[in-house]
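What follows is a short report on a single structure.
The values are calculated or read from the model by the stated rules, or taken from the named source; none is laboratory data. On a predicted model such as this, the values are computed, not experimentally measured, just so you know. Every residue, glycine among them, receives a Cβ derived from its backbone with ideal geometry; neighbour counts consider all protein chains shown.
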Amino acid sequence: MSAANDNAVRHSLFNIQYSIVNEVNVMNILITGANGQLGHCMQNIAKQHTEHKYIFTDVCDGYTHLDITNLDAIRKMVAEQHVDCIVNCAAWTNVDAAETAGDIVETLNAKAPEYLAKAMKEVGGLLIHISSDYVFGGDPYNTPCREDQKGTPTGVYGLTKLHGEQNIQAVGGSYVILRTSWLYSEYGKNFVKTMLNLTATKPQLKVVFDQVGTPTYAGDLANAIATIIEDYKKDPSQPSMVFTPPSVPPFPGDRNLLRGGVPTAEKQQETQQANSKLVSPSPLGRDGRGFPSEGRGEACYSKSGIYHFSNEGVCSWYDFTKAIAQIAGNTSCDIQPCHSSEFPSPVTRPSYSVLDKTKIKETFNLSIPYWLDSLRKCEEHLLANSACSEEKRR
Ligand SMILES: NC(=O)c1ccc[n+]([C@@H]2O[C@H](COP(=O)([O-])OP(=O)(O)OC[C@H]3O[C@@H](n4cnc5c(N)ncnc54)[C@H](OP(=O)(O)O)[C@@H]3O)[C@@H](O)[C@H]2O)c1
């Protein structure tokens, strides 16, 4: 075979290899706090996106152990698992207990996100971090809060979540901070599950109507996270992830072959040296997955920043409870609106914490479900799960 023919064959093979790689585009995605509400919803996402490898971690049994307050442990896991992206679902989430829990709240909500950001920056990966509407609340807002609005937290939880955002921004690198509100799901303890129980068992219930916001179904938030990950994969600022098949030369170090020459030992050495300087020295990347897990350099995701995500619409906790009961058919409970002052708590909750989602919708072309539609979906799942467990008990 002539050198020109040989080169043509290699060129085609090269393009075939790359198109396979491009279609597969494997990512290693580390989920922290996998046993929490959002962590469980990310487990459902993993079942739909089987092209990626997910590593589910938490501090409890049943998951790969990762304590996100330990920087060395994070770095070790990132290196061993070739992590390309971390979705941080772990946090201190008990708002009232945060007031008296001490340093652990700042460590978990502010220091740990900084560690995760550092670990991702070191390998050129992406951190997706979840923050909260409780970074607002100190000012009497009556229009939806935008991302660039000043944080005015009213308690330790909100303040530490704000510090977490600031620490990630100070580290830099590729990051997406998603502020969300009133999170609920089929998993763990949450407002929907509590109210389903109370409205089924109590004759009367008082719920505050002077705190207004938007519920967020964690399944919808997990879908938004999956969309962001897919967008990141295609981001032009990620040179090693976006492949444009080269026309000339097919292998940068094989220029002598294009000229029709036969590679001498000297040329071969030259070729190897040239290839070793490339970001991705082989078409399949350093780890053979077509997606180099290290050394992406300083390139940052062009859409790094803070975004707001909740479901669409607005309601008070009272309206939310009425809807929860109505969907479940819990009609015997008399639900009455009341003022927050009737339920004194260690932290003053925001009276208006509606998040403006214009930025996330426009940037990622997202269509977000209306809160009532998602609530119906979640309750349907809960009903189906309880029917399933009932069937198993029989
Ligand atoms: N829930 C809401 O209404 C709400 C509203 C706005 C924003 N958010 C934010 O949304 C995110 C997800 O919330 P969620 O409700 O899904 O949380 P969640 O159900 O409370 O789950 C948090 C998970 O993190 C784990 N965790 C605790 N300490 C850890 C550590 N040192 N290292 C690793 N994992 C640790 C927890 O384990 P243990 O259970 O064993 O402690 C738990 O499995 C959080 O960032 C939260 O701040 C939540």
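Brief remarks on what is shown
- Checking each residue in region 79-95 for being loosely packed, with under 14 Cβ neighbours inside 10 Å and not polar (S, T, N, Q) picks out only GLU80.
- Only one entry of LYS377, LYS359 meets the criterion of being at pLDDT 95 or above, surrounded by fewer than 20 Cβ atoms within 10 Å (Cβ to Cβ) and under 22 Å from HIS129 (Cβ atoms), and that entry is LYS359.
- Of all residues in region 173-194 being in a loop (DSSP other than H, G, I, E, B) and either more than 7 Å from the ligand (Cβ to nearest atom) or of a type in the set (Gly, Ala, Ser) (or both), the one that is surrounded by the fewest Cβ atoms within 10 Å (Cβ to Cβ): LYS189
- No other residue among GLY138, GLY219, GLY151 is surrounded by 18 or more Cβ atoms within 10 Å (Cβ to Cβ), out of contact with any strand residue (DSSP E or B) (no Cβ under 7 Å at 6 or more places or on another chain), assigned to a loop (DSSP other than H, G, I, E, B) and of a type outside the set (Asp, Glu) apart from GLY151.
- When SER340, SER345, SER353 are screened for being modelled with pLDDT under 95, surrounded by 15 or more Cβ atoms within 10 Å (Cβ to Cβ), hydroxyl-bearing (Ser, Thr, Tyr) and under 23 Å from VAL192 (Cβ atoms), only SER353 passes.
Quick grid of which residues meet (1) more than 18 Å from the chain's Cα centre (by Cα); (2) near the ligand (Cβ under 8 Å from one of its atoms); (3) at positive phi; (4) assigned to a helix (DSSP H, G or I):
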position: ASN35; (1), (2), (3), (4): no, yes, no, no
position: GLY62; (1), (2), (3), (4): yes, no, yes, no
position: ASP67; (1), (2), (3), (4): no, yes, no, no
position: ASP72; (1), (2), (3), (4): yes, no, no, yes
position: ILE86; (1), (2), (3), (4): no, no, no, no
